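Throughout, read-outs are computed from the coordinates displayed, never taken from laboratory work. As the structure is a computational prediction, the values presented were derived from the model and not from experiment. Here the Cβ is made from the backbone with ideal geometry for all residues, glycine too, and neighbour counts use every protein chain on show.
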Amino acid sequence: MNAWMMSHLEWMRGAVGAVRVVALAAAIAAAGSSAIAPALAQSAGGARVERAADAKAQLKKADEARRAVKGTGAERRALTEKAEEAYAAVLSLFPDAKAEGALASFRMGELRRKLGKADGAREAFAKVISIGADRKLSARAVLETGHLYRRSKELGKALEAYRRAATEFADEAGTRDDALYWVGTIHEQAKEHGKAREAWRAVAERGADPVDRVRAFDRVALSFLKEGMREDATKTVEAARTALADAAAEPSALGARVKKALERLRAVKALDKPAKPATQGGGGAPDDDDDDSEDDDDEDL
């Protein structure tokens with residue numbers, strides 16, 4: 001084969017390669033920019049996270065990482081941080097996916113709270129609210145912000161958050177009632193009994209969950225006992241039994257729970273005890289319990 005033929009073959013190989021490159025470029029242009037996205041992308045936290053096909057798939061990967069959290073100590077913390085990064089990737093890789101971004105932000109807030117990153121958790125919950133893609137989720141984010149402030153003993157800010165959850169998101173009944181319950185609890189701890197009872201009465205009279213209503217009636221009665229107002233406490237217990245009688249009689253699991261709650265009213269047990277002398281204050285009410293039973297996992301979201 002002479003030199004001319006060798007040169008011609010090299011040109012042909014180059015031409016064929018060029019055609020293939022042009023064809024590949026056309027295919028990429030037709031598919032859109034996502035077709036050339038890297039298999040690994042950097043999350044907001046700096047970690048390298050595998051990119052999924054879309055925001056829903058990315059969120060699913062993050063959920064899988066959260067469910068994989070197990071063990072104790074350093075192992076659990078490392079897995080929790082990995083899940084946090086996975087949710088951060090949803091936001092950084094798919095910034096226009098509002099619904100997925102809101103849920104990812106909420107989950108980040110939960111994980112950061114468990115990691116002891118209170119400021120980061122508040123930032124994540126604030127992001128949920130600013131996205132505004134899911135009203136229920138936004139309401140829960142405000143409530144969780146209140147919990148964070150309460151735990152850090154910033155009670156003024158906690159009250160502000162709880163009141164916002166109760167008023168701005170009044171249509172989200174479950175969150176509204178939870179917020180009002182904690183408004184009452186903070187006021188009661190500050191010995192502002194009248195304000196506490198006002199918040200609890202709103203739940204007792206108009207709460208969405210009958211079991212929560214029983215609980216609120218109980219707190220109102222116990223608050224009266226702390227001020228030595230036994231007659232008012234007795235009337236409150238009677239009001240609870242009357243208001244929830246139909247719910248307790250329902251032949252259902254909820255009905256059984258309501259009945260059990262009425263039978264276990266702490267105010268009833270307190271009323272059975274002799275009243276304390278006026279100089280000691282109170283009227284037989286038990287001490288405040290450190291009731292910090294808000295749902296930390298929120299698996300229903």
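Can you name the residue in the range 108-123 that is in contact with an Asp or Glu (Cβ under 8 Å, 6 or more places away or on another chain) and assigned to a helix (DSSP H, G or I) and is also farthest from residue 66 (Cα to Cα) among such residues?
121
Select, from 177, 218, 232, the only residue that is assigned to a helix (DSSP H, G or I) and under 24 Å from residue 135 (Cα atoms). I'd like the intermediate steps shown before the answer.
Numbers: 218 fails: under 24 Å from residue 135 (Cα atoms); 232 fails: under 24 Å from residue 135 (Cα atoms).
On inspection, the qualifying residue turns out to be 177.
Residues are listed down the side, and each one gets a yes or a no for (1) of a type in the set (Gly, Ala, Ser); (2) closer than 24 Å to residue 175 by Cβ; (3) in a helix (DSSP H, G or I):
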site	(1), (2), (3)
53	yes, no, no
59	no, yes, yes
62	yes, yes, yes
87	no, yes, yes
95	no, no, no
103	no, yes, yes
125	no, yes, yes
130	yes, yes, yes
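Is it the case that the range 68-76 has a residue that's buried (at least 20 other Cβ atoms within 10 Å of the Cβ) and either among the hydroxyl-bearing types (Ser, Thr, Tyr) or without any contact (Cβ under 8 Å) to a residue 24 or more places away in the chain (or both)? Give the steps one after another, and end with the answer.
Step one: list which residues in the range 68-76 are buried (at least 20 other Cβ atoms within 10 Å of the Cβ), which gives none.
No: the range 68-76 contains no residue that is buried (at least 20 other Cβ atoms within 10 Å of the Cβ) and either among the hydroxyl-bearing types (Ser, Thr, Tyr) or without any contact (Cβ under 8 Å) to a residue 24 or more places away in the chain (or both).
Please determine, by comparing only the residues of the range 82-91 that are closer than 12 Å to residue 115 by Cα and within 18 Å of the chain's Cα centre (by Cα), which one is surrounded by the most Cβ atoms within 10 Å (Cβ to Cβ).
Among them, the one singled out is 84.
Residues being assigned to a helix (DSSP H, G or I), under 13 Å from residue 204 (Cβ atoms) and of a type in the set (A, V, I, L, M): count how many of those fall in the range 235-246.
Summing the residues that are assigned to a helix (DSSP H, G or I), under 13 Å from residue 204 (Cβ atoms) and of a type in the set (A, V, I, L, M) in the range 235-246 gives 4.
Okay, residues lined up against (1) surrounded by 20 or more Cβ atoms within 10 Å (Cβ to Cβ); (2) part of a helix (DSSP H, G or I):
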position: 148; (1), (2): yes, yes
position: 153; (1), (2): no, no
position: 160; (1), (2): no, yes
position: 164; (1), (2): no, yes
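Any chance you could count how many residues in the range 188-198 are under 17 Å from residue 150 (Cα atoms) and assigned to a helix (DSSP H, G or I)?
Going through the range 188-198 one residue at a time, the tally reaches 3.
Just give me the residues in the range 247-260 being farther than 13 Å from residue 214 by Cβ and surrounded by fewer than 13 Cβ atoms within 10 Å (Cβ to Cβ), in sequence order.
249, 251, 252, 253
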